[in-house]
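Let me begin by presenting the structure, written as structure tokens, before commenting on it.
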Amino acid sequence: QVQLAESGGGLVQAGGSLRLSCAASGTIFGLNAMGWYRQAPGKQRELVASITRGGSTTYADSVKGRFTISRDNAKKTAYLQMDSLKPEDTAVYYCNVMVMGVPYWGKGTLVTVSS
């Protein structure tokens, strides 16, 4: 069983920064991709950024140049540095990891960006 502990959400003014963390624990073999998704009220969940074990990254167009995903394989932790935040970034952010081809989700952390 894989558990994900997310942290770092909160309230920030537009233009500000936040850093999200996602720590994986439990019986983990073959932790591959780690990523962040978000879901705003009334909208579908969407991919924000992902990173493979080898460090290859993917970003949504809406966050390119503002968000940076990274990971520490030894700590089984992924990070999402979010800079130049905009009100439209307001959403619940979910951590997602793939272990042996099986997806696991965190409970989500709320990010609110005020204008």
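Can Gly10 be described as open to solvent by 40 Å² or more (accessible area, probe 1.4 Å), out of contact with any Gly (no Cβ under 7 Å at 6 or more places or on another chain) and not hydroxyl-bearing (Ser, Thr, Tyr)?
no
Can you tell me which residue within region 60-104, out of those that are in contact (Cβ under 8 Å) with a residue 12 or more places away in the chain and in a helix (DSSP H, G or I), is nearest to Leu18 (Cα to Cα)?
Result: Asp89.
Quick one: which residue in Met82, Met98 is of a type in the set (A, V, I, L, M), within 11 Å of the chain's Cα centre (by Cα) and surrounded by 15 or more Cβ atoms within 10 Å (Cβ to Cβ)?
The conditions single out Met82.
Would you point out which residue out of Ser56, Ser50 is crowded, with 17+ Cβ neighbours inside 10 Å, at pLDDT 95 or above, polar (S, T, N, Q) and over 13 Å from Thr109 (Cα atoms)?
Selected residue: Ser50, the only one of Ser56, Ser50 that is crowded, with 17+ Cβ neighbours inside 10 Å, at pLDDT 95 or above, polar (S, T, N, Q) and over 13 Å from Thr109 (Cα atoms).
Looking at region 20-33, is at least one residue of a type in the set (Phe, Trp, Tyr), open to solvent by 50 Å² or more (accessible area, probe 1.4 Å) and more than 24 Å from Ser114 (Cβ to Cβ)?
Yes, there is a match, as at least one residue in region 20-33 is of a type in the set (Phe, Trp, Tyr), open to solvent by 50 Å² or more (accessible area, probe 1.4 Å) and more than 24 Å from Ser114 (Cβ to Cβ).
Which ones in region 32-81 are of a type in the set (Gly, Ala, Ser) and on the phi < 0 side of the Ramachandran plot?
Passing the criteria: Ala33, Gly35, Ala40, Ala49, Ser50, Gly54, Ser56, Ala60, Ser62, Ser70, Ala74, Ala78.
Give me a count of the residues in region 19-36 that are in a strand (DSSP E or B) and either farther than 15 Å from Cys95 by Cα or free of Cβ contacts under 8 Å to residues at least 60 places away in the same chain (or both).
So the count comes out to 4.
The values are calculated or read from the model by the stated rules, or taken from the named source; none is laboratory data. The structure displayed is predicted, hence computed values, not measured ones. Note that each Cβ is placed from the backbone with ideal geometry, even for glycine, and that neighbours are counted across all protein chains shown. These area figures cover heavy atoms from the full protein model, side chains too; ligands, DNA and RNA do not enter into them. Shrake-Rupley method; radii C 1.70, N 1.55, O 1.52, S 1.80 Å.
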